[in-house]
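*Asks:* Attaching a single structure in structure tokens format; questions to follow.
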Ligand SMILES: Cc1ncc(COP(=O)(O)O)c(C=O)c1O
């Protein structure tokens, strides 16, 4: 029996190690590399990815929630982990207990972490998050001196970092440079402890703006080999390959339609293959009649509405399609950014929406 009959994603760890080497080569030896592995490591699998990355190129793991950090710690990882989104007061105790670095933006949060850390007789490691324009999370730049001083004044707190996040570093140089300038100006004349990390750069900023790299970069998508703007000139290798199989085949006469609501109509006698994947696996319904898959060395159009568990493709021009044939949904031939453009979303959403019923197969 085939171990992965319906749909599965292959996670290619040598590709990830390669991508870390490409990024390291680009940034030089100094900045630490933080792998952003929130949202189940962009759909690649939080714990397996975290374990591999921590031993093969990532100095830090960056998650969005305390829960994700705890899952990494419970898997046995003792590497540095930062929680980048706001934590709620009720999460502070767990964050400190599990030795997770957290981001804070206010005096109230600083006080709460001091009190919680003191009650555990531990040190809480805080990164001051600065809002330079995204307006999602962070103190205003002019609060940096007071809040960094405040963190340093508490016996149970350590100022582990000062951070900001870009709003559009891949395609808006003016806004990106303005954010960086704001950040740099507010750090001028500020005396920070020598080990305090300064970090601002996501994947695109890391690739494009050397001055954004500071002591740590936080890269997600480039580490997974997703490079929508080809900033690394085809050097990155996709880590995820997503497959399904042909589960049914039929002839359709001209004028007949395929799938719900009959949105696709055959113009000529056509052969339609049904595949074992649908929006219930994370294949976006928005791709209906808009995407292609890869079968027997050629791209083949997807036709009709994407169903919950199945999609249909037009295999009229494929020589001998068979039930059980493997079909690539994502990988070297069908790239994540291509699907993202067709679905009118971003690459992040395409990979993070892969459901648990898509078995992950890890290749080391
Ligand atoms: C705070 C923060 N830093 C870094 C990243 C990494 O972004 P990218 O995947 O573009 O590298 C993200 C991702 O959304 C983020 O939210």
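The numbers here are math on the coordinates, done by the rules we state, and not lab data. Note that the structure is predicted; figures quoted are calculated from it, not measured. No Cβ is skipped: glycine too gets one built from the backbone with ideal geometry, and neighbour counts run over all protein chains shown.
*Asks:* So how much slack lies between residue 21 and residue 299, counting 0.36 nm per residue of separation and subtracting their Cα-Cα distance, in nm?
*Replies:* My answer for the length gained is 97.0 nm.
*Asks:* What is the distance in Å between the Cα centres of the range 317-364 and the range 83-130?
*Replies:* One Cα centre to the other: 39 Å.
*Asks:* Run the simple label-point estimate for residue 188 and residue 233 please: 7 Å along Cα→C-beta, distance reported in nm.
*Replies:* It is 3.6 nm.
*Asks:* Given points 7 Å out from each Cα along the Cα-Cβ axis, report the residue 181 to residue 67 separation in nanometres with one decimal.
*Replies:* Taking the simple label geometry, residue 181 and residue 67 are separated by 4.1 nm.
*Asks:* Let me ask something else about it. Classify the range 240-363 from the C-alpha gyration tensor, please: rounded if a/c falls under 1.5, else prolate or oblate depending on whether a/b exceeds b/c.
*Replies:* Prolate, because a/c is 1.5 or more and a/b exceeds b/c.
*Asks:* Moving to a separate point now. Among rounded, prolate and oblate, which fits the range 13-219 when a ≥ b ≥ c are the square roots of the eigenvalues of its C-alpha gyration tensor, a/c under 1.5 means rounded, and a/b larger than b/c means prolate?
*Replies:* Oblate, because a/c is 1.5 or more while a/b does not exceed b/c.
*Asks:* If the chain between residue 30 and residue 249 were fully stretched, how many nm would it gain, using 0.36 nm times the residue separation less the Cα-Cα distance?
*Replies:* Taking residue 30 through residue 249 to full extension adds about 73.3 nm, to one decimal.
*Asks:* What does the convex hull of the Cα atoms of the range 92-143 come to per residue, in Å³, rounded to a whole number?
*Replies:* Taking the convex hull of the Cα positions in the range 92-143, it is 70 Å³ per residue.
*Asks:* Using a 7 Å offset from Cα along Cα-Cβ at residue 260, what residues in the range 305-340 end up with backbone N under 18 Å from the label point?
*Replies:* Inside the label zone: 305-313.
*Asks:* On to the next question. What ranking do 336, 258 get, fewest neighbouring Cβ atoms within 10 angstrom at the top?
*Replies:* In order of increasing Cβ crowding within 10 Å: 258, 336.
*Asks:* Another question about this same structure. Report the calculated FRET efficiency for residue 211 and residue 267 (r = Cβ-Cβ distance, R0 = 56 Å), to the nearest 0.05.
*Replies:* 0.55
*Asks:* If you don't mind, another one. Cα gyration tensor of the range 6-103, axes a ≥ b ≥ c as square roots of the eigenvalues: rounded (a/c below 1.5), prolate (a/b > b/c) or oblate?
*Replies:* Oblate, since a/c reaches 1.5 and b/c is not below a/b.
*Asks:* Build a GNM of the chain with springs between Cα atoms under 10 Å: which of 279, 42, 224 gets the top mean-square fluctuation?
*Replies:* Sorting by GNM fluctuation, first place goes to 279.
*Asks:* Quick one: angle between helix 107-120 and the longest Cα principal axis of the chain, in degrees between 0 and 90, rounded to 10, please.
*Replies:* Value to nearest ten degrees: 80.
*Asks:* Springs between alpha-carbon atoms under 10 Å, Gaussian network over the chain: tell me which of 12, 156, 234 tops the mean-square fluctuations.
*Replies:* Judging by the Gaussian network model, the answer is 234.
*Asks:* Note down the Stokes-Einstein diffusion coefficient of the chain in µm²/s, whole number, using a Kirkwood radius over alpha carbon pairs, 25 °C, and 0.890 mPa s.
*Replies:* This corresponds to a translational diffusion coefficient of 110 µm²/s.
*Asks:* What is the fewest-to-most order of 206, 200, 299 by other Cβ atoms lying within 10 Å of their Cβ?
*Replies:* 299, 206, 200
*Asks:* While we're here: Hey, rough spin-label estimate for residue 286 and residue 137, points 7 angstrom out along Cα→Cβ, what's it come to in nanometres?
*Replies:* 2.3
*Asks:* Send over the semi-axes of the range 177-217's equivalent ellipsoid, whole angstrom and largest first, taken as the square roots of 5 times the C-alpha gyration tensor eigenvalues.
*Replies:* After scaling each eigenvalue by five and taking roots: 19, 13, 6 Å.
*Asks:* Please arrange 103, 97, 20 by counting, for each residue, the other beta carbons lying within 10 Å of its beta carbon, fewest first.
*Replies:* 97, 20, 103
*Asks:* Something else about it: For the range 52-99, list log₁₀ I(q)/I(0) at each q in 0.16, 0.20, 0.23 Å⁻¹, using the Debye formula over Cα point scatterers of equal strength and ignoring solvent, two decimals each.
*Replies:* -0.41, -0.62, -0.79
*Asks:* On a C-alpha basis, how far is the centre of the range 166-180 from the centre of the range 232-308 in Å? Whole number, if you could?
*Replies:* Result: 37 Å between the Cα centres.
*Asks:* Now for a different question. Just to verify a number: FRET efficiency for residue 320 and residue 74, C-beta to C-beta distance, R0 = 45 Å, to 0.05?
*Replies:* Using R0 = 45 Å, I get an efficiency of 0.40.
*Asks:* A follow-up question, please. Between 60, 242, 264, find the one with the highest GNM mean-square fluctuation for the chain; connect C-alpha pairs within less than 10 Å.
*Replies:* 264
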